[in-house]
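The values are calculated or read from the model by the stated rules, or taken from the named source; none is laboratory data. Since the model is a prediction, treat every value here as computed from it, not as a measurement. Because the Cβ atoms are built from the backbone with ideal geometry, glycine has one as well, and the counts that use them run over all protein chains shown. Remember, those area values only see protein heavy atoms, side chains included, never the ligands or the DNA or RNA. Shrake-Rupley method; radii C 1.70, N 1.55, O 1.52, S 1.80 Å.
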Amino acid sequence: MLEFEDKVALITGTTGIALATARRLASGGASIVACGIVEKANAALQAELNRSGAKALVLTVDVSVPDQVRSAVAAGVDRFGGLDVIVNSAAVHPYGTATSTDFDTWNKAMSVNIGSIYLTAHFGIPEMIRRGGGAIVNVASVQGFACQENVAAYATTKGAIHTLTRSLALDYARSGIRVNSVSPGSIRTPILEKAARGENGTDADVEAAYKRFGEAHPLGRIGEPEEVAELIAFLCSSKAGFCTGADYKIDGGLTAGIGVK
Ligand SMILES: NC(=O)c1ccc[n+]([C@@H]2O[C@H](COP(=O)([O-])OP(=O)(O)OC[C@H]3O[C@@H](n4cnc5c(N)ncnc54)[C@H](O)[C@@H]3O)[C@@H](O)[C@H]2O)c1
């Protein structure tokens, strides 16, 4: 029996870590409900999962809009019979300080990065309770612990994810729902590519930037989305049955040191 056979997993985002997670959970036998806002990426993921024989429903969803998240959960339950796993990976990454970030940008970061986790919990947890339990994994960041300059809104949401993870874990432990977060360092995905191109998208030498980012990590490289997906899959699985309310760093040692040589 495959490790996620008969399990239904809702994933927010359809690129990067979400894409690798969808592939990983599908290869373990899960039915996938993926919610992304980029139609081209959504179509590519649906086609790939169909080709691989996975059971998959990829939906165009703005995960910061309550009715859209409610409908996505309902569509997944309708198609596959329930909900067992939620992986919250969708995020936006605006640049700016408190003075340079306008309020719309601030609110968008809050509603996409942290509001969506509340929304998938709000609509998804009752379905998990109906199944007798489940697992939620939230993708936070090392920036929830120690942040860079000029990412005030983004870093704030990542710290908030750590707190919401603990709160959900406590509130639903007795319902058999485990809730954890993962905090990646630099991972080779579209969000990092954007960072590599610079705030204005002008710095084109992405591989040189990846090398530079990698050198900041004690392991000397950036991480791969499949490495994060493997940790997420573990936390979603019954092997992690005693893990809840915790954050798991996957950062090549980045936050182990104090950054001074
Ligand atoms: N790549 C890294 O270096 C890194 C490091 C630390 C944390 N993270 C976190 O990992 C998670 C995944 O990011 P990624 O690295 O895979 O990059 P990514 O850009 O591929 O993933 C972000 C996803 O969120 C989706 N999204 C954005 N707004 C949305 C909305 N309103 N509705 C639905 N989907 C929306 C995007 O379309 C995209 O699929 C994010 O939470 C990010 O903050 C990434």
*Leaving ligands, DNA and RNA out of it, report the carbon-plus-sulfur percent of the accessible area of the range 131-261 at a 1.4 Å probe.*
55
_I want to check a number: in the chain, how many lysine pairs have alpha carbons closer than 21 Å, given a sequence separation of 8 or more or different chains?_
12
*asked:* If I compute solvent accessible area with a 1.4 Å probe over the protein chains, what percent of it on the range 1-93 is carbon and sulfur?
replied: 52
*Working from Cα positions, state the angle (0 to 90°, nearest 10) between the long axis of helix 152-172 and the longest principal axis of the chain.*
30
*What are the GluC sites (Glu not before Pro) within the range 1-69 that DSSP puts in a loop, where the Cβ has at most 16 other Cβ atoms within 10 Å?*
Glu3, Glu5
*Along each of the three principal axes of the Cα atoms of the range 1-96, give the extent in whole Å, ordering the values from largest to smallest.*
48, 24, 20
_Residues of the chain: accessible area per residue with a 1.4 Å probe, Å²_ = 48
_Base-10 log of normalised Debye intensity for the chain (one unit scatterer per alpha-carbon) at q = 0.08, 0.12, 0.13, 0.15 Å⁻¹_ = -0.29, -0.68, -0.80, -1.07
*Cα-Cα pairs above 20 Å in the range 81-220: how many percent?*
53
*At what distance in angstrom do the alpha carbon centres of the range 204-224 and the range 1-25 lie from each other?*
26
